[in-house]
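All of the numbers you see were taken from the coordinates with simple rules; none came from a lab. Computed from a predicted structure; not experimentally measured. Here Cβ is always computed from backbone atoms with ideal geometry, including for glycine, and neighbour counts include all displayed protein chains.
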2 protein chains.
Amino acid sequence: MTSSQTAGTAPRSALTRARVLESAVVLADRDGLGALTMRSLARELGIEAMSLYHHVANKEDLLDGVVDVVAAEIQDAVGRLDTQADDAPKSAWKPAMRRQILTSRAVLLRHPWASTVLESRTSFSLHIVRYFDSLIGLMRRGGFSYDLVHHALHALGSRALGFSQELFEPDGAAAGSAAGGGAEEGADDAATAMLMQMAEQVPHMIEMLAEISHEGPESTLGWCDDQTEFEFGLDIILDGLDRLAEREQH
Amino acid sequence: MTSSQTAGTAPRSALTRARVLESAVVLADRDGLGALTMRSLARELGIEAMSLYHHVANKEDLLDGVVDVVAAEIQDAVGRLDTQADDAPKSAWKPAMRRQILTSRAVLLRHPWASTVLESRTSFSLHIVRYFDSLIGLMRRGGFSYDLVHHALHALGSRALGFSQELFEPDGAAAGSAAGGGAEEGADDAATAMLMQMAEQVPHMIEMLAEISHEGPESTLGWCDDQTEFEFGLDIILDGLDRLAEREQH
DNA sequence: ACCTGAACACCGTTCAAGT
DNA sequence: ACCTGAACACCGTTCAAGT
């Protein structure tokens, strides 16, 4: 109750960089990336906007920090896996890598705005680099040359962290300020209606939609299971890398 | 010279949606996406900012339109390929798809900001849908079931249009307002210096960098050939799809 | 050392007014 | 019908001032 500091606990009013970043993550999780402004973050903390500049250099630095918080979460979750055993057989690299990537994905799914911010960074967090280092380690123990490891990282791209660019996804998770969930089916309907109108221009697309969607007309564009599709694409790449690694070893 | 309209040519002052969008593309190509504001676009056209709202509904609509211009360029370039022959052998789908995707990529490389805008759209251009329809047609003629076609589109993701998310790319092509090219090597140096400092924390990363970069110390992070790496990842996916398609046909 | 308020230079956009 | 200028509600950020 008193404003003075009790032994062992920091004063509740002590604003630190860590507390600023934590608040920013909470705000982005709740209201979306568009709602994360210096002014709204300050309001969240019960503070004036300009006070933030004592703990972050500017907004870019804030976003760097906010990525670092999520990256720490990823590394923490991945570190709890037992994927880094040194005595594992060579073939262990594939399931281990798969688990690390899907674990990172699970963290990113809790912070839907994070992948957008991650992409926009030019510098990268130590936690992210260490995550990649562990992937490299797995591939090395799997017998990959560094050349193949390098190609593999490019081939995976953002999939190495557990996300991928979906071009036809009307869920609008990351971008924008409108966080309402009710518009989702409306967007699907509008997209479907648009496709119907251009039916003769895109015959294969229409036929595919008709054949794929079996559970009623309202699920024409919403049928995709993101997790299944992610794993499908991931496994194609992992299998391809597996074949190349085996070829390297004559 | 006169302000009156000569037969057959539109008056020079006639501002149309098409001219607005063309100007927006030119501006983004030249100064980057960050420089594309309603006010700067108006200045480019020698007009007042508010006049733009007679030809585009708002900024979102402007971005929709600007994507459509690039999408038309893609469809035009792809249409000039002879990849849609109906009498081609089944195995033709793979080289045909490869050519279409690399052709789309070539267009997008001329508009480095376009992939970012493309990603951010919730609705999609007719030209883009028709581009995808032609990819679907190729796979169908290659013997794919619609189910496999659907998985294939997810597996390719943005690669279907010729770009991919590169997480460790310090070239900053798409984002930001700083279009200067001189800072590139500086960013590489800074990144390398940072990695050296954390050498014992990321041993595999350091070793990979040492082994991969043979042409001098200044090319530590700049050695990647984007085109080569894109094709490497693309071919892994196409080969994987090929195997799955063959398996489908018993 | 840390926090504040006013102010500046930008955004996208609304509105009432011009021709 | 098309274009305009002033104005509004936002941004990120600078600066001089408070404690």
The summed charge of the residue B:37 Cβ neighbourhood (under 12 Å; Lys/Arg +1, Asp/Glu -1) stands at +1
Here the correct list, in nm and shortest first, of distances from residue B:246 to the same site in the other copies, label points 7 Å along Cα→Cβ, is 1.3
Copies of residue A:60 compared via label points 7 Å along Cα→Cβ give distances in nm, shortest first, of 2.9
With one decimal in nm and the nearest listed first, the spacings from residue A:168 to its own position in the other copies, using label points 7 Å along Cα-to-Cβ, are 3.4
Least to most buried among B:236, A:206, by other C-beta atoms within 10 Å and fewest first, runs A:206, B:236
Taking R0 as 60 Å and r as the Cβ-Cβ distance between residue B:15 and residue A:99, the FRET efficiency 1/(1 + (r/R0)^6), rounded to the nearest 0.05, comes to 0.60
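Sorting A:90, B:94 on the 10 Å Cβ count, fewest up front, what's the list?
Lowest to highest Cβ neighbour count: A:90, B:94.
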Diffing the range B:143-149: the Karplus 3J(HN,Hα) column from phi (6.51, -1.76, 1.60, θ = phi - 60°), in whole Hz with x for Gly and Pro, holds x, 5, 6, 5, 5, 5, 4
Footprinting proxy, B:73, A:22, A:119, B:200: sorted fewest to most Cβ within 10 Å, the residues are B:200, A:22, B:73, A:119
With R₀ set to 25 angstrom, the calculated FRET efficiency between the beta-carbons of residue B:39 and residue A:197, to the nearest 0.05, is 0.10
